[in-house]
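I have placed the structure first, in the form of structure tokens, so that the comments after it can refer back to it.
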2 protein chains.
Amino acid sequence: MVRTRNSSTTKRATLADVAKVANVSAITVSRVINQPDKVSSDLCQRVQEAIDMLGYIPNQSASSLASARSGVIGVSIPSLSNIVFNDVLRGIYDVAGASDYKVLLVDTHYSPLEEEKMIRTLLSQSPEAMIITGGDQTRACERMLAKAGLPVVQIMEILNQPLDMNVGFSHYQAGFDVALKLLATGCQRLGFIGARMDARVQQRMAGFRDALQERGKLNEKFLVTTPEPSSIALGGELFRSLLSLSAGQVDGIFCCNDDLALGALFESQRMNIKVPTDISLCGFNDFESSAFVNPSLSSVHVPRYEMGVQAAQMIVQVLEGEAVAQKQRDIGFEVILRQSSRPIQ
Amino acid sequence: MVRTRNSSTTKRATLADVAKVANVSAITVSRVINQPDKVSSDLCQRVQEAIDMLGYIPNQSASSLASARSGVIGVSIPSLSNIVFNDVLRGIYDVAGASDYKVLLVDTHYSPLEEEKMIRTLLSQSPEAMIITGGDQTRACERMLAKAGLPVVQIMEILNQPLDMNVGFSHYQAGFDVALKLLATGCQRLGFIGARMDARVQQRMAGFRDALQERGKLNEKFLVTTPEPSSIALGGELFRSLLSLSAGQVDGIFCCNDDLALGALFESQRMNIKVPTDISLCGFNDFESSAFVNPSLSSVHVPRYEMGVQAAQMIVQVLEGEAVAQKQRDIGFEVILRQSSRPIQ
DNA sequence: ACAATCGATGTTTGCGCTATCATTTGACTT
DNA sequence: AAGTCAAATGATAGCGCAAACATCGATTGT
């Protein structure tokens, strides 16, 4: 049997192999790959041919070890199923990819303890920077990050004491504003349904609650929450719960996200409850479908993609040694009233 | 100023540092981390204390280099925005995480050339296995993968000539079955709207088309496609296009995914077209919302999470040296008829 | 014409870890 | 009691690469 070139049993080619074939030193091959302008064009070409011939692929572990640069940005999000993070990730990947950084992504399942474990894993990969979600890290986790001494961006919410950099918006203010808007449309008995109840959802609820209290419209019974993860199905259930708990008195509901809101809307249709005539609905996150359902769903729009982009840009800037304009950025939100709530009077 | 412990300027602790503190050799520390049962319990404890005291985090690059094991599984998907991949990823992450593998995820933007570049990047991280989407790799990409000689699972579709392992289902058969089912509900003039038109969407269309042709019900004018990415908005547009191109004759539409189908449904509501009385609709992917919209949307259910789980399990099995039962697995699909199509007569 | 300078290339070394092969100790066999 | 073996620990070397420094020839300035 003829020995075929580079079968899978052959060991992966190294810099030295390429160097031998091109008849140059290993460091020259390294330069061709990393700083081609430092090598004369004919040598560059000869080396490139050798690389192609051998199918050489650099060993990033060796490179990281020798240069103390991994080209990795660690990213930690609480959930892969929550599509809210898709847009953020897309922004991060777009910017990171354009600057040749790799992204190592972990999922913490909304648990600070798991987050601590995951961030330890990330740190063992020697990332050059980290993007993490929110501010609920454990003390140990904060210590690890501080000790690692790398740029960190906390995203999704504006924090009082960010570890380093921060891009997000005020969930409290968003909840507050929704309450005011719904009141302005004439709602008198507002309710809230919330699921998962992570820190950000709690802040939305707190803002909503405080606004109602300020206006003397707060009824604690109208706040229905569950630790279960959000889903459309759950939205329908919570909608029914709230209706029965309030004895059908509620005339407007702030749903902690659009999953719940869509579930509530679909359930209202099944129950023959008129939205917004009988009950107004407002969601949060402004999914694409929210603008298209009938009646279209009022929601809070958040520039998620932009948030990912900015977080990654801040990272890249710091890593390239540039100055970062603001270490904390509020990217804002917008309450969008559509057909599921009445017009402001 | 008092010198505080471990400021960010301090270098990261190494095995040797821990060894010195614990008064053992470096290799013992390594063993405590990687094979604790090979070390006596008192030493184990002493070393663990030193690790905690120094906040030692292993350098994975050095470990990979020395052991030729990275613990990384490379995953390549065509799009981060398409939420179809969320469920698959969740399955992969769940299984990989449980076996202490890290996932390195790249996005190819549906481009084989970008895929080639991304897979080169992945390979440079010395992954122990790869999970990639579909079978549209470039020749160069196939060569790289073959040369790397690692376990590869191609997911999302059943391939005629998989590179190695394969988990998916037949998109052709799914399209074919949808056509038969819609015909069985009494539709006479079936149309198709498709976006992005990647390999899998094309297969769905081909199956749909062939089924219609077999039954003598094919009208090429009723197949409307665009290379643009799918969205609910685009679904509405394509719905209108198809209606006008068919002069309103179409009485049933297979939409290449649920985004388009929801867009079509919402648009039909706005146009006062009755679904399913005037037109039947069937989507693909069976999003959660599809079961909840009114009328609920017929769709093709695919066990995506399960697909991710199986792909990762196959990988883990191979890496642990176990035998893999079947290298190719058809996980099937299910056409679910709901209110957006009439009952089968 | 000769030193000074610069660009192009090479040599050496070590990054932090683990594979491999000792070495030591003590328990157990015959 | 000598030999055998296994468990626990250590010493050494090398994984593949790039930083740091060294070398060499060519170009420049005066």
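The values are calculated or read from the model by the stated rules, or taken from the named source; none is laboratory data. Bear in mind that the values here come from a model prediction, so they are computed numbers and not experimental data. Positions of Cβ are backbone-derived with ideal geometry, glycine not excepted, and every protein chain shown enters the neighbour counts. These accessible areas exclude ligands, DNA and RNA; they are computed on the full protein's heavy atoms, side chains included. Shrake-Rupley method; radii C 1.70, N 1.55, O 1.52, S 1.80 Å.
Worth a mention:
- For A:L80, the requirement of being in the same structural domain as A:A311 (by TED's automatic domain parsing) and at pLDDT below 95 is met.
- Set A:S81, A:S41, A:S76, A:S67: member being away from DNA strand D (no atom under 12 Å from the Cβ), more than 9 Å from chain B (Cβ to nearest Cβ) and open to solvent by 40 Å² or more (accessible area, probe 1.4 Å): A:S41
- Only residues that are outside any helix (DSSP H, G or I) and in contact with an Asp or Glu (Cβ under 6 Å, 6 or more places away or on another chain) were counted across region A:189-229, and they come to 2.
- Scanning region A:8-36 for residues being within 14 Å of chain B (Cβ to nearest Cβ) and within 11 Å of DNA strand C (Cβ to nearest atom) gives a total of 2.
- For first residues located in region B:11-31 and near DNA strand D (Cβ under 10 Å from one of its atoms), partners that are open to solvent by 60 Å² or more (accessible area, probe 1.4 Å) and assigned to a helix (DSSP H, G or I) and lie 6+ apart or on another chain with Cβ distances below 7 Å form the pairs B:A22/B:R46; B:R31/B:K38.
- Residues in region A:51-64 that are open to solvent by 40 Å² or more (accessible area, probe 1.4 Å) and more than 9 Å from chain B (Cβ to nearest Cβ): 2 in all.
- Any hit, region B:107-119, residues being touching a residue at least 40 places away in the same chain (Cβ under 8 Å) and closer than 27 Å to A:L65 by Cβ: yes
- Taking region B:312-326 as the range and being touching a helix residue (DSSP H, G or I) at 6+ places or on another chain (Cβ under 9 Å) and surrounded by 14 or more Cβ atoms within 10 Å (Cβ to Cβ) as the test, the residues that pass are B:A312, B:Q313, B:I315, B:V316, B:V324.
- For region B:84-94, a residue qualifies if it is over 21 Å from A:Y305 (Cα atoms) and either within 16 Å of DNA strand D (Cβ to nearest atom) or crowded, with 21+ Cβ neighbours inside 10 Å (or both), and the qualifying residues are B:V88, B:G91, B:I92, B:Y93.
- Filter result (out of contact with any Phe, Trp or Tyr (no Cβ under 7 Å at 6 or more places or on another chain) and facing chain A (nearest Cβ under 7 Å)) within region B:84-122: B:N86, B:L89, B:Y93, B:K102, B:L104, B:L105, B:R120, B:T121
- Subset of region B:109-165 (residues that are outside any helix (DSSP H, G or I) and either in the same structural domain as B:P227 (by TED's automatic domain parsing) or in contact with a His (Cβ under 9 Å, 6 or more places away or on another chain) (or both)): B:M156, B:E157, B:I158
- Residue in region B:241-252 that is more than 14 Å from every other protein chain (Cβ to nearest Cβ), open to solvent by 40 Å² or more (accessible area, probe 1.4 Å) and closer than 18 Å to B:T185 by Cβ present: yes
- Exactly one residue among B:D278, B:D259 is among the acidic types (D, E), crowded, with 22+ Cβ neighbours inside 10 Å and not in a strand (DSSP E or B), and that residue is B:D259.
- Only one of the numbered conditions (1) closer than 30 Å to A:T133 by Cα; (2) at pLDDT below 95; (3) within 16 Å of DNA strand C (Cβ to nearest atom) is violated by A:S64, and that is (2).
- Residue check: B:E128 meets all listed conditions (1) open to solvent by 40 Å² or more (accessible area, probe 1.4 Å); (2) within 16 Å of DNA strand D (Cβ to nearest atom); (3) in contact (Cβ under 8 Å) with a residue 24 or more places away in the chain but one, namely (1).
- Single unsatisfied condition, A:Q137 versus (1) more than 14 Å from chain B (Cβ to nearest Cβ); (2) within 13 Å of the chain's Cα centre (by Cα): (2)
- Cβ-Cβ under 6 Å pairs, at least 6 apart or on other chains, region A:305-330 side farther than 21 Å from A:Q161 by Cα, far side among the hydroxyl-bearing types (S, T, Y): A:V316/A:S99
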